[in-house]
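Rule-based calculations on the coordinates, nothing more; no lab input. Since the structure is predicted, the reported quantities are computational estimates derived from the model, not experimental observations. Backbone-built Cβ (ideal geometry, glycine too); neighbour counts: all protein chains shown.
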Amino acid sequence: MFVPGDTRRIMRQFGIQPDKRLGQNFLVEQSALDHILQAAEISQDDVVLEIGAGLGVLTCALAARARRVIAIEFDERLLPALQWTTQSFSNVEIVRGDVLGMDLDRLTEGMSYKVVANIPYNITSHLIRKLMEASPPAELVVLTIQLEVAQRIVAQPGSMSLLALSVQVYGVPRIAARIPSGCFFPRPSVDSAVIRIDVASEPPVSASELTTMFNLARAGFGQKRKQLKNALSHGMQWTEEKTLDVLTGAGVDPKTRAQELRVEQWIQLMQLARGMAD
């Protein structure tokens, strides 16, 4: 079976050079692969959606454990190598294309699924948003991403960001492992992390409520140095009176800043804002 130590040999065999534009960094260390698999807790009943299958080192490891692996790869130059490394696994389906434009429900045929992926840094935020907003969502998402981004996602009140809120409203994220840059070829300039997101079967609020909440959050985080009473008044074009009514009604100190709020407080603000609009 294809293991990380074979990566450079496979690249030479198929004449593959990593494409910097696509953010390609291939796994070359078994310890990093082990961390990903441990976080994903794959069983023989699992359907796994792998994004950015690359040369297939993670694909093979997943296929040896799961019932089915749907491996998506954007770069058609890698497909011959991917098909060759996974040829002994009848439970692997290779799909060529851009995951950001795919219907995940149709791709997984409505089955419960997990997402496991070593993703390029340049699509991280867009991809996470797509995965969190998928209907139905994955039951578990395990991503190898830039360490700094992972730390932002798991941040707590006091250091919250719009990215953290956009993940934590859908599930519970945690950093499962830190992956040194030397575990990849070519070696990136920063370390990575394996982040695990246990996704709620349903978000705590409806789609329309989420839209309102994120409008509020964008206004708050758009001027995060400002107190919320000023940031929301400006961003939402509210009167000072309405802003204070919403904040105090939710039990939020008007002098608080966006990064200090909990997810539950953003939900309360949204509910009050919608109530006043009605």
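When the helices in the chain are scored as -39500 (n - 2.57) per DSSP H run of 4 or longer and the sum is shared across all residues, what 222 nm value do you end up with, to the nearest 500 deg cm²/dmol?
Details: 12 runs with 110 residues, N = 278.
Here the helix-only value at 222 nm equals -11000 deg cm²/dmol.
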Inset, instruction - Take every Cα pair under 8 Å in the chain that's 6+ residues apart, average their separations, divide by the length, and report that relative contact order as a whole percent. - result: 15 percent
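What are the GluC sites (Glu not before Pro) within the stretch 56-137 that DSSP puts in a loop, where the Cβ has at most 12 other Cβ atoms within 10 Å? Walk me through the numbers on the way to the answer.
Values: sites: Glu73, Glu76, Glu93, Glu109, Glu133; in loops: Glu109.
Here the GluC sites (Glu not before Pro) that fit, given the DSSP loop and packing criteria, are Glu109.
What percent antiparallel are the DSSP beta bridges of the chain, to the nearest 5?
On the way: 17 of 36 bridges.
The answer is about 45 percent antiparallel.
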Inset, instruction - Kindly express, to the nearest 10 degrees and within the range 0 to 90, the angle between helix 124-133's C-alpha long axis and the longest C-alpha principal axis of the chain. - result: 70 degrees
Inset, instruction - Report, ordered by chain and residue number, the lysines lying within cross-link reach of Lys242, taken as a straight Cα distance under 22 Å and ignoring same-chain residues fewer than 8 apart. - result: Lys224, Lys226, Lys229, Lys255
Legend entry - Rough spin-label spacing in nm, given labels placed 7 Å along Cα→Cβ, for Asp103 and Lys255: 5.3 nm
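Using only the Cα atoms of the chain, build the gyration tensor, take square roots of its eigenvalues as a ≥ b ≥ c, and label the shape rounded, prolate or oblate: rounded if a/c is under 1.5, else prolate if a/b is larger than b/c, else oblate. Show your work: numbers first, answer last.
Numbers: a/c = 2.71, a/b = 2.11, b/c = 1.29.
Note, shape of the chain comes out prolate.
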Inset, instruction - Pull out a ≥ b ≥ c, the square roots of the eigenvalues of the alpha-carbon gyration tensor of the stretch 207-277, then state rounded if a/c is under 1.5, prolate if not and a/b is larger than b/c, and oblate in the remaining case. - result: rounded
Inset, instruction - Measure of size requested: the Rg and Dmax of the stretch 124-277, with Cα atoms as the atom set and Å as the unit; please supply both. - result: 17.0, 56
